[in-house]
1. Considering Asp222, Asp212, which residue is open to solvent by 30 Å² or more (accessible area, probe 1.4 Å), modelled with pLDDT under 90, out of contact with any His (no Cβ under 8 Å at 6 or more places or on another chain) and assigned by the TED database to the domain that holds Leu178?
2. Can you tell me which residue within the range 56-94, out of those that are at pLDDT 85 or above and under 14 Å from His12 (Cα atoms), is surrounded by the fewest Cβ atoms within 10 Å (Cβ to Cβ)?
3. Are any of the residues in the range 100-109 modelled with pLDDT of 80 or more and in contact with a helix residue (DSSP H, G or I) (Cβ under 7 Å, 6 or more places away or on another chain)?
4. Regarding the range 238-245, can at least one residue be identified that is open to solvent by 50 Å² or more (accessible area, probe 1.4 Å), touching a strand residue (DSSP E or B) at 6+ places or on another chain (Cβ under 6 Å) and not in a strand (DSSP E or B)?
5. Given the structure, is Asn186 surrounded by fewer than 17 Cβ atoms within 10 Å (Cβ to Cβ) and at pLDDT 95 or above?
6. Picking from Leu205, Leu248, Leu234, which residue would you name as being under 20 Å from Pro261 (Cα atoms) and crowded, with 20+ Cβ neighbours inside 10 Å?
7. Of everything in the range 163-183, what is in a loop (DSSP other than H, G, I, E, B) and surrounded by 12 or more Cβ atoms within 10 Å (Cβ to Cβ)? Give them in sequence order.
8. Pick from the range 23-55 the residues that are of a type in the set (Asp, Glu) and either modelled with pLDDT under 85 or open to solvent by 70 Å² or more (accessible area, probe 1.4 Å) (or both): which of them is nearest to Val13 (Cα to Cα)?
Amino acid sequence: MSSWDEIRTAYHVARVGTVSGAAEVLGVHHATVIRHIDALEESLQTKLFQRHARGYTPTEAGQELLRVARITDDQFTQMTGRIRGQGEEVSGELVITSLPTMARYLAPVLAEFQRLHPSVIVRFLTGERLFRLEYGEAHVAIRTGSPPQEADNVVQKFRPTRIGLYAHKSYVARNGQLQGEGDLPNHIFVGVDTAHARAPFFSWLDQRVSRDRIRFRFNNADDGMAAIEAGAGLGFMTETVAKKNPELIEQLPPRDEWASPNWIVTHVDLHRTPKVQAFLTFLKQAMKDLPDE
């Protein structure tokens with residue numbers, strides 16, 4: 001039977017990706033980390049990590065171990081708090097994931113939550129990759145699009161993202177203001193580098209302008225917003241972000257058909273923990289307090 005020390009070591013190696021990083025977190029020598037991993041793999045008779053020059057990547061078995069170990073580590077933290085009379089203390093790591101486009105309004109919320117709970121270490125992971133809650137890759141995921149269907153997830157509706165069509169004043173000075181939908185083919189656009197994008201506003205645009213009118217193309221949302229702000233063309237942007245830049249001029253106001261539904265997703269094993277519940281309550285209130293877009 002493997003000891004908890006070995007499992008906890010493997011958990012931190014999977015989380016940070018390197019032996020040296022795990023050793024620093026655990027306060028042990030890197031040789032101890034290697035010894036724990038070797039002993040655990042021998043005990044389980046399976047390979048938990050792929051070793052490579054950049055560090056350690058969990059195998060499928062390693063990902064399963066990460067999921068169980070994260071939950072167990074959280075439960076140990078809660079148990080320790082209860083023993084010390086601090087069962088409701090909010091502490092430890094809180095891992096939140098979202099698309100990069102949400103970072104501009106989620107980051108201030110996370111920063112304020114951390115200030116209120118100084119014992120919390122916030123890890124905000126953004127990207128197009130779908131983080132696996134069942135493997136313990138995150139505590140809370142903010143997702144966009146169709147409702148998530150993974151088993152054992154708790155899914156709640158979140159504030160929808162209102163999208164409008166905008167242009168920088170320098171673009172308008174050169175090319176003029178958009179004069180309604182009929183004027184769309186006379187303008188150039190900033191858009192994704194993939195034809196037939198799934199986002200409802202890009203699908204709407206595809207039906208009204210030819211592909212060659214999308215002259216500046218991107219594969220990262222932040223790059224797209226930067227291009228719009230640089231005057232490269234008309235482009236879609238969240239109303240919240242656009243309002244913060246007085247040099248952006250609305251070309252078409254947000255429409256319901258362009259809105260992206262958003263979801264708060266948690267795994268059932270962690271949903272009721274004090275840390276996750278505290279954050280969910282804070283997040284919902286923070287979004288509720290925002291002015292209507």
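1. Result: Asp222 is the single residue among Asp222, Asp212 that is open to solvent by 30 Å² or more (accessible area, probe 1.4 Å), modelled with pLDDT under 90, out of contact with any His (no Cβ under 8 Å at 6 or more places or on another chain) and assigned by the TED database to the domain that holds Leu178.
2. Of everything passing the filter in the range 56-94, Thr57 is surrounded by the fewest Cβ atoms within 10 Å (Cβ to Cβ).
3. Yes, the range 100-109 contains at least one residue that is modelled with pLDDT of 80 or more and in contact with a helix residue (DSSP H, G or I) (Cβ under 7 Å, 6 or more places away or on another chain).
4. Looking through the range 238-245, none of the residues is open to solvent by 50 Å² or more (accessible area, probe 1.4 Å), touching a strand residue (DSSP E or B) at 6+ places or on another chain (Cβ under 6 Å) and not in a strand (DSSP E or B).
5. yes
6. Within the list Leu205, Leu248, Leu234, the selection yields Leu205.
7. Gly176, Gln177, Leu178
8. Glu24
The values are calculated or read from the model by the stated rules, or taken from the named source; none is laboratory data. These numbers come from a predicted model, not from an experiment. Positions of Cβ are generated from backbone atoms using ideal geometry, with glycine treated the same way; all protein chains shown enter the neighbour counts. These area figures cover heavy atoms from the full protein model, side chains too; ligands, DNA and RNA do not enter into them. Shrake-Rupley method; radii C 1.70, N 1.55, O 1.52, S 1.80 Å.
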